[in-house]
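Working notes, structure below.
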Amino acid sequence: MHPALFELEMLGGGFERRYRKMRPEVEAMPWGTIDLRGVPEATLILARKSWTGAAFQEHRTGVACCATLRALMECRAPLDLIALASRFPLDEMVHVELCARMAMELGGGTEIMHDPDIMVVDADASRAPIVRAAELVVRFFCVGEALSIPLLRGTWHAARHPLPKAVLGRIVKDEAAHGTFGFTFLDWALPTLSPEDIAYVGAQADRAIRAIYKQWEALKKAARRDDTQVAGDALAWMQSDAYLALARRSMQEKVKGPLTARGIPLSA
Ligand SMILES: [Fe+2]
Ligand SMILES: [Fe+2]
């Protein structure tokens, strides 16, 4: 265990310039244009918390992308597919910066303690490389990323201010490729997996789906406690019941449907 505050720094100078050149769209966003006058303090704190939490989630997704990338190489997935996926960690770092800067725009990030030792659950090391890759791809991409895309798109639609609109728009654009990637990998890998392997991969999908159901329960309870809608207009979050309805629909259409269509057994 190495509990630590979630904080990131920039080296600056030439390194930052090179990074900016790779992703010029970050600096081109309308930073500094949110008028916070008249926004209640409680709303502001909630929004700062939300964006800081989003930055942490993007950071965690970056770790998930790296773990998957390693497994893809170990199982000698098609080179062009690996090359495509090697862009994902950079995308996630950009998303971390975007969300962290949104929190800064609203007055600063909030405190998040985390344990870097348990960022993601790794694949079962005793399984064959291709099964390890399928396990991670299914949990992180076919469930996690595939589900987050329609939700991000919904949040992007709900955003009115040009800054969160630009931030979410960028994230949605990048994530589109992350979402389809998982199923492309499965279509390549499934013909070589045994029925036992496929059952295992299905159980892993169930595990990821159940974890998301738990998050929804927590969200429902939190929404009942204080209506997060107050933060909606100026600061870009969807109303929680609209979010949950979309989430349930997306889970069926974007996750469970495509998985069962490929013969992956689900019970969650
Ligand atoms: Fe992301
Ligand atoms: Fe992603």
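Taking Ala218, Ala54, Ala67 as the candidate residues, the one with maximal mean-square fluctuation in a Gaussian network model of the chain, Cα springs under 10 Å, is Ala218.
Computed 3J(HN,Hα) for the range 260-268, one whole-Hz value per residue from the Karplus formula 6.51 cos²θ - 1.76 cosθ + 1.60 where θ = phi - 60°, is 5, 4, 9, x, 8, x, 10, 10, 5, glycine and proline marked x.
If you average the sequence gap of Cα pairs under 8 Å that are 6 or more apart and divide by the length of the range 1-116, what percent do you get for the contact order? Rounded, it is 50 percent for the range 1-116. In the chain, the calculated helix contribution to ellipticity at 222 nm averages -20500 deg cm²/dmol per residue, counting -39,500 (n - 2.57) for every DSSP H run with n ≥ 4. Which shape class applies to the chain: rounded if a/c is under 1.5, otherwise prolate when a/b exceeds b/c and oblate if not, where a ≥ b ≥ c are the square roots of the Cα gyration tensor eigenvalues? Verdict is prolate for the chain. Leaving out ligands, DNA and RNA, and with a 1.4 Å probe, what % of the accessible surface on the range 1-128 is carbon or sulfur? The computed percentage sits at 59. Only Cα pairs under 8 Å and 6+ residues apart enter the sum, and on that basis the relative contact order of the chain stands at 23 percent. Among the listed pairs Lys21/Lys256; Lys21/Lys220; Lys21/Lys214; Lys49/Lys173, those with a Cα-Cα distance over 31 Å are Lys21/Lys256; Lys21/Lys220; Lys21/Lys214. Helices of the chain meeting both criteria, an alpha-carbon length of 20 angstrom or more along the long axis and an average Kyte-Doolittle score not below 1.0, with helices taken as full DSSP H segments, do not occur.
In terms of the mean number of neighbouring beta-carbon atoms within 10 Å, the peptides 121-131, 182-192, 42-52 order highest first as 42-52, 182-192, 121-131. Net charge around Arg207, counting only other residues with Cβ within less than 12 Å of its Cβ (Lys, Arg = +1; Asp, Glu = -1)? Taking every other residue near Arg207 into account, the sum is 0. Looking at the range 1-160, the accessible area is 52 square angstrom per residue; that uses a 1.4 Å probe and ignores ligands, DNA and RNA.
The values are calculated or read from the model by the stated rules, or taken from the named source; none is laboratory data. Since the structure is predicted, the reported quantities are computational estimates derived from the model, not experimental observations. Heads up, the Cβs are rebuilt from the backbone with ideal geometry, glycines too, and the neighbour counts pull from every protein chain shown. Please note that ligands, DNA and RNA were not included when accessible areas were found on the heavy atoms of the full protein model with its side chains. Shrake-Rupley method; radii C 1.70, N 1.55, O 1.52, S 1.80 Å.
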